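Each remark here refers to the structure printed beneath this line.
The values are calculated or read from the model by the stated rules, or taken from the named source; none is laboratory data. Quantities reported herein were computed from a predicted structural model and do not represent experimental measurements. Neighbour counts run over all protein chains shown; Cβ positions are idealised from the backbone, glycine included.
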Amino acid sequence: MIKDKVNSPDHYNSYSKEVIDMMVSIYGKEDTAKFCEINAFKYRMRMGLKDDIKVDQQKEQWYLNKQKELLKGKSLEDIKVKPW
């Protein structure tokens with residue numbers, strides 16, 4: 001099912017905490033938000049080359065949404081993240 005590959009893949013839920021949440025705990029919201037931006041770019045650039053194009057589009061959007069969630073209330077200029 002496409003939704004499972006995007007929103008909660010099994011390989012990211014093998015621990016007591018989801019991997020993205022571990023990243024926030026270890027690296028902080030701002031660095032994890034930068035990771036999300038970079039990962040979204042990766043999915044955009046390889047769209048349709050590895051997985052189904054719809055899956056890659058959904059994954060890109062998931063990371064962009066997560067970036068926004070992590071940066072809520074912060075200015076992009078303050079943290080040096082460039083919007084697309």
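What to note about this one:
- Output for region 14-32, where each listed residue is β-branched (V, I, T) and either exposed (fewer than 14 other Cβ atoms within 10 Å of the Cβ) or touching a His at 6+ places or on another chain (Cβ under 9 Å) (or both): V19, I26
- Qualifying positions in region 12-38 - outside any helix (DSSP H, G or I), farther than 23 Å from D56 by Cβ and modelled with pLDDT of 80 or more: S16, K17, G28
- Residue match in region 1-11 (condition: basic (K, R), in a loop (DSSP other than H, G, I, E, B), at pLDDT below 95 and exposed (fewer than 13 other Cβ atoms within 10 Å of the Cβ)): no
- Contacts under 6 angstrom Cβ, first residue in region 45-57 being part of a loop (DSSP other than H, G, I, E, B), partner aliphatic (A, V, I, L, M), 6 or more apart: M47/I53
- The residue of region 55-84 that is surrounded by the fewest Cβ atoms within 10 Å (Cβ to Cβ), among those that are modelled with pLDDT of 95 or more and aliphatic (A, V, I, L, M), is L64.
- Those residues of region 36-54 which are surrounded by fewer than 17 Cβ atoms within 10 Å (Cβ to Cβ), within 15 Å of the chain's Cα centre (by Cα) and of a type in the set (A, V, I, L, M, F, W, C), in sequence order: I38, F41, M45
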